[in-house]
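Quick notes on the structure that follows.
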Amino acid sequence: MKVTSQIFLSAFVLMQLSCFTSKITAQKNNKIKVYTTAENTKLKLSLSNDLISKNNTTQQKTSTVSITVNPEKTDQTFLGIGGAITDASAEVFAKLSPKKQQEFLNAYYDKNKGIGYTLARTNIHSCDFSSDSYTYVSEGDKELKTFNIDHDRKYRIPLIKRAIETAGGKLTLFVSPWSPPAFMKDNNDILHGGVLLPEFASAWALYYAKFIKEYEKEGIPIWGMTVQNEPMAKQRWESCIYTPEAERDFLKNHLGPTLEKEGLASKNVIIWDHNRGEMLTKRANLVFSDPEVSKYAWGIGFHWYETWNGGPPQFESVAKVHEAFPNKKLLFTEGCIEKFDASKYQFWGNAERYGINMIHDFNNGTVGWTDWNILLDQNGGPNHVGNFCFAPIHADTTKDELIYTPMYYYIGHFSKFIRPNAKRVLETISDKSLLSTSFKNSDGQLITVVMNKSEKEVVYSLENQTGKTTITIPAHAIQTIVY
């Protein structure tokens with residue numbers, strides 16, 4: 001009788017534990033939130049927990065794909081997501097009514113009302129997305145006695161200040177030059193490539209320092225800089241060519257020491273700032289393997305335009321740099337949809353290009369992701385050489401309207417939920433029909449972004465140490481799961 005009682009008691013305890021475990025799992029499942037953006041629906045970063053399968057047998061769906069997240073295994077620390085505040089963006093912003101200006105700022109920089117950008121890039125004097133070419137010094141002023149940033153005080157600086165304010169007082173801002181002044185180059189032209197003349201290397205390095213100091217006097221902290229935008233591209237707009245050796249030597253002998261001398265050694269310097277391509281063999285190996293120059297380099301930046309020659313995105317290049325130099329950081333510094341066409345504002349493939357690139361880049365070790373112009377007008381500009389492009393948000397300045405493209409929402413599935421200092425969490429996915437990446441925020445919250453670029457809805461299971469949840473993702477959709 002005593003044995004029978006013990007068996008009964010043990011069974012009862014096990015049953016209670018089972019019920020307790022089920023309740024805990026259910027509670028955790030109840031805390032899961034699913035946000036969805038999907039083509040041909042009204043879902044735009046919409047809370048959509050109805051896409052979670054119910055636990056009863058009549059409504060439970062069978063998953064065809066499993067995503068298993070292991071929060072105990074982590075990789076890179078997340079820096080942020082944002083976009084470039086160019087002259088073009090600032091000039092278009094200035095044409096909006098005060099009401100639309102505030103709507104725009106909230107849309108990007110307010111983490112509750114918008115998608116919570118925390119990262120930004122801006123240009124050191126003019127780039128193609130400026131209304132004209134300009135510099136901060138008089139032509140021929142090697143000593144930089146005439147240096148001033150009055151040009152930027154009209155449009156760009158006011159917008160950056162308001163962006164910082166809307167973001168809660170902090171925005172990680174890095175800066176990039178497109179070309180030295182014409183007199184510093186061998187072609188005597190701020191456009192069309194050319195190279196920096198050796199006799200102006202020290203003056204050009206000081207130019208960066210002066211720019212940073214002037215912006216910081218305006219109350220705009222500068223986190224870092226790239227050495228040169230697209231140093232291998234001779235463009236019809238502002239551009240300058242640096243061979244790998246030339247960039248290494250400029251950083252080693254001029255820019256790095258100048259930043260130290262000017263009290264700016266804490267600024268983060270990013271090399272390359274060009275397409276993924278051969279960035280390991282053409283830049284990273286040369287710079288990061290040399291201790292005398294590597295000490296000045298925080299990491300390497302890259303763009304996505306390697307597809308211009310018709311080939312696929314070279315995501316493996318990012319992975320190779322991360323593997324070879326795990327202590328150096330990888331930052332996506334620019335990408336946009338080229339060749340503006342107003343009839344394609346809502347073209348879903350543009351958004352999917354963002355989702356594909358962001359997921360692969362993060363899974364290969366990238367710490368942050370920077371879109372190109374945050375705002376352009378109804379013509380894809382202004383751009384002083386006619387290089388018109390798309391932005392996630394456009395403004396029709398004739399109607400005082402903002403046009404939100406699907407790209408805006410796809411970016412938001414990352415930027416709104418993955419916050420600075422998050423750690424990327426390793427995961428496995430059973431089928432390539434879906435793409436996925438996962439992060440763990442500093443408060444312990446897990447974020448998984450799932451993308452379905454197929455024509456059919458997919459049922460998948462999301463698993464971690466607390467249990468399994470079955471979720472349906474519509475065709476041509478992206479989801480963020482918060483749990």
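Counting only heavy atoms of the protein chains, get the accessible area per residue of the range 226-346 (1.4 Å probe) and round it to a whole Å² value.
Solvent-accessible surface per residue comes out at 42 Å².
Extension gain THR466-ASP75, at 0.36 nm per residue separation less the Cα-Cα distance, in nm?
Taking THR466 through ASP75 to full extension adds about 138.7 nm, to one decimal.
Counting only Cα, what are the radius of gyration and maximum Cα-Cα distance Dmax of the range 77-220, in Å?
Using the Cα atoms of the range 77-220, the pair Rg, Dmax is 16.5, 51 Å.
Using the alpha-carbon atoms, what tilt in degrees (0 to 90, nearest 10) does helix 156-166 show relative to the longest principal axis of the chain?
Value to nearest ten degrees: 20.
Over 21 Å between Cα atoms: which of LYS113/LYS217; LYS282/LYS328; LYS234/LYS339; LYS217/LYS252 fall into that group?
LYS113/LYS217; LYS217/LYS252
Taking 7 Å along the Cα-to-C-beta vector as the label spot, tell me the LYS456-GLU401 distance in nanometres, rounded to one decimal.
3.8 nm
Apply the Karplus curve 6.51 cos²θ - 1.76 cosθ + 1.60, θ = phi - 60°, to the phi angles in the range 364-378 and return the couplings in whole Hz, x for Gly and Pro.
9, x, 5, 8, x, 9, 10, 5, 7, 3, 6, 8, 9, 8, 5
Give the share of C-alpha pairs in each 5 angstrom bin for the range 394-469, from 0 to the last occupied bin, in whole percents, shortest bins first.
Reading the bins upward from 0: 3, 12, 18, 19, 18, 11, 7, 6, 4, 2, 0.
Per-residue ellipticity at 222 nm for the chain, helices alone: DSSP H runs ≥ 4 residues times -39500 (n - 2.57), over residue total, nearest 500 deg cm²/dmol?
Counting only the DSSP helices, I get -8500 deg cm²/dmol.
Length gain on complete extension for the stretch SER343 to GLU323, per 0.36 nm per residue less the alpha carbon to alpha carbon distance?
3.0 nm
What is the pair-distance distribution P(r) of the range 246-285, computed from all Cα-Cα distances in 5 Å bins starting at 0, with each bin given as a whole percent?
Percent of Cα pairs in each bin: 6, 21, 26, 20, 14, 9, 3.
Could the peptides 461-468, 411-418 be put in order, highest first, of the mean number of other beta-carbon atoms found within 10 Å of their residues?
In decreasing order of mean packing, 461-468, 411-418 become 411-418, 461-468.
Expressed as cubic angstrom per residue, what is the convex hull volume of the alpha carbon set of the range 60-136?
It comes to 214 Å³ per residue, whole-number rounded.
Please give the FRET efficiency for SER442 paired with LYS54, using the beta carbon to beta carbon distance and R0 = 25 Å, rounded to the nearest 0.05.
After rounding, the FRET efficiency stands at 0.15.
Dividing the Cα radius of gyration by the Kirkwood radius, what Rg/Rh value follows for the range 355-483?
1.04
For the chain, what are Rg and Dmax over the alpha carbons, in angstrom?
Computed over the Cα atoms of the chain, radius of gyration and Dmax are 24.9, 104 Å.
Using a 1.4 angstrom probe on heavy atoms only, work out the carbon and sulfur share of the accessible area of the range 174-256 in %.
53 percent
If packing is taken as the average count of other Cβ atoms within 10 Å, what order do 133-144, 69-80 fall into, highest mean first?
Ranked from most to least packed, the peptides come out as 69-80, 133-144.
Bin all alpha-carbon pair distances of the range 222-316 at 5 Å intervals from 0 and give each bin's fraction as a whole percent.
3, 13, 24, 24, 18, 11, 5, 2, 0
Let me check the size of the range 153-307 from its C-alpha atoms; what are the radius of gyration and Dmax in Å?
Looking at the range 153-307, its Cα Rg and Dmax stand at 15.6, 44 Å.
Apply the Karplus curve 6.51 cos²θ - 1.76 cosθ + 1.60, θ = phi - 60°, to the phi angles in the range 432-447 and return the couplings in whole Hz, x for Gly and Pro.
7, 5, 10, 10, 7, 9, 9, 9, 10, 5, 5, 8, x, 5, 9, 10
Under a 1.4 Å probe, what is the accessible area of the range 84-163 per residue, stated in Å²?
38 Å²
Counting only protein heavy atoms and using a 1.4 Å probe, what share of the accessible area of the range 24-154 belongs to carbon plus sulfur, as a whole percent?
That fraction is 46 percent.
Using the Cα gyration tensor of the range 170-209, with a ≥ b ≥ c the square roots of its eigenvalues, what is the shape: rounded (a/c below 1.5), prolate (a/b larger than b/c) or oblate (neither)?
oblate
Counting DSSP beta bridges in the chain, what percent are antiparallel, to the nearest 5?
55 percent
Return the Rg/Rh ratio of the range 384-432 with Cα-based radii and a Kirkwood Rh.
We get a ratio of 1.18 for the range 384-432.
Please state the equivalent ellipsoid semi-axes for the range 246-400: what are the square roots of 5 times the Cα gyration tensor eigenvalues, largest first, in whole Å?
Sorted largest first and rounded, they come to 32, 20, 13 Å.
Using alpha carbon coordinates only, what is the Rg to Rh ratio of the range 313-420, with Rh defined as the Kirkwood radius?
Here Rg/Rh amounts to 1.03.
The values are calculated or read from the model by the stated rules, or taken from the named source; none is laboratory data. Since this is a predicted model, take the numbers as computed values, not measurements. Neighbour counts are summed over all protein chains in view; Cβ atoms, including those assigned to glycine, are modelled from backbone coordinates with ideal geometry. Accessible surface areas use protein heavy atoms only, side chains included; no ligands, DNA or RNA. Shrake-Rupley method; radii C 1.70, N 1.55, O 1.52, S 1.80 Å.
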